1. Of all residues in segment 23-49, how many are of a type in the set (A, V, I, L, M, F, W, C), more than 10 Å from ligand 2 (Cβ to nearest atom) and closer than 25 Å to Arg69 by Cβ?
2. Arg156 versus (1) surrounded by fewer than 21 Cβ atoms within 10 Å (Cβ to Cβ); (2) within 25 Å of Ala115 (Cβ to Cβ); (3) basic (Lys, Arg): which is the lone unmet condition?
3. Just checking, does segment 71-78 include any residue being away from ligand 2 (no atom under 16 Å from the Cβ), closer than 20 Å to Asp223 by Cα and modelled with pLDDT of 95 or more?
4. Within the set of pairs 6 or more residues apart or between chains, which connect a residue that is among the basic types (Lys, Arg) inside segment 180-198 to a residue that is not in a helix (DSSP H, G or I) with Cβ atoms less than 8 Å apart?
5. Mind telling me which of the residues Gly73, Gly88, Gly40 ends up being out of contact with any Cys (no Cβ under 9 Å at 6 or more places or on another chain) and within 16 Å of ligand 1 (Cβ to nearest atom)?
6. Any idea which residue in segment 180-207 is nearest to ligand 2 (Cβ to nearest atom), counting only those that are more than 21 Å from Thr160 (Cβ to Cβ) and either surrounded by 22 or more Cβ atoms within 10 Å (Cβ to Cβ) or modelled with pLDDT of 95 or more (or both)?
7. Write out, first by first residue and then by second, each pair whose Cβ atoms fall under 9 Å of each other, whose residues are 6+ apart or on separate chains, and whose first residue, in segment 42-53, is over 13 Å from Arg220 (Cβ atoms) while the second is more than 6 Å from ligand 1 (Cβ to nearest atom) and assigned to a helix (DSSP H, G or I).
8. How about segment 205-228: which of its residues are without any contact (Cβ under 8 Å) to a residue 12 or more places away in the chain and touching a strand residue (DSSP E or B) at 6+ places or on another chain (Cβ under 8 Å)?
Amino acid sequence: MTPAGSLLTASGLRKTYGPTTALDGADFSIHPGEVVAVMGPSGSGKSTLLHCLAGIVKPDEGSITYNGRELAGLPDAALSALRRSEFGFVFQFGQLVPELTCVENVALPLRLNGARRKDAEQTARTWMERLEVDDLLGKRPGEVSGGQGQRVAVARALATNPRVLFADEPTGALDSLNGERVMELLTDAARSTNAAVVLVTHETRVAAYSDREIVVRDGRSRDMERAV
Ligand SMILES: Nc1ncnc2c1ncn2[C@@H]1O[C@H](COP(=O)(O)OP(=O)(O)OP(=O)(O)O)[C@@H](O)[C@H]1O
Ligand SMILES: [Mg+2]
């Protein structure tokens, strides 16, 4: 059963890697415009859960429904199209293409979706302004700071106007000041477009930007009541 109003829902996810049980009956659901923090110790299954939800890893058991459609029922081509057009991704180290300038990096997913260079770069510039990195348009990733690079990566993830933004430790490599700035801009931008954000983090300070927290422990998830 999909909870009412939920955009992305998972139930009973199990995933093993050889003798290792990464997920052991994990559940998840998120609404449009909601920011959910996925917390828990190292090795508890957070990234595996995110990869399953994003259709990157296939769970051994359980079901994942996006917008009323069961992911397991989609052919690979439809799944890649979904990832390209409706999902956005930010990882711990921005993973920008080093040979491209920042604006070309942000424009890349739009170009892959068929946009013309001029239009793609115009949209990219708008997103870079929003993330306050429009002074870096022509710089290459190697020439910018960690915090700036992550903001470029967030701009790239949001430029296609995704319905779900998946972020795995997006501030993990940053100091706390830069991390907070990235989180502020990321959550503001996502809320203004009504994107759902699945935010994996170790840090309580980062999770504080979410609407709701879930904790993954030994491959099982549970909702956590906010103490404040
Ligand atoms: N591709 C893989 N092959 C083998 N084992 C894996 C693979 N991916 C994850 N695992 C194992 O599954 C378990 C869960 O890993 P996962 O990466 O989901 O943890 P995590 O909560 O994201 O940890 P961290 O906070 O350190 O990133 C771990 O024991 C890990 O070693
Ligand atoms: Mg991880």
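1. 6
2. Arg156 satisfies every listed condition except (1).
3. No, there is no match, as no residue in segment 71-78 is away from ligand 2 (no atom under 16 Å from the Cβ), closer than 20 Å to Asp223 by Cα and modelled with pLDDT of 95 or more.
4. Arg191/Gly33; Arg191/Val35
5. Gly40
6. Looking at the filtered set, the residue picked out is Thr201.
7. As it stands, the answer is Cys52/Leu71; Leu53/Leu71, since those pairs meet every condition given.
8. Arg222, Asp223
The values are calculated or read from the model by the stated rules, or taken from the named source; none is laboratory data. On a predicted model such as this, the values are computed, not experimentally measured, just so you know. Don't worry about glycine lacking a Cβ; one is built from the backbone with ideal geometry, like all the others, and counts go over all protein chains shown.
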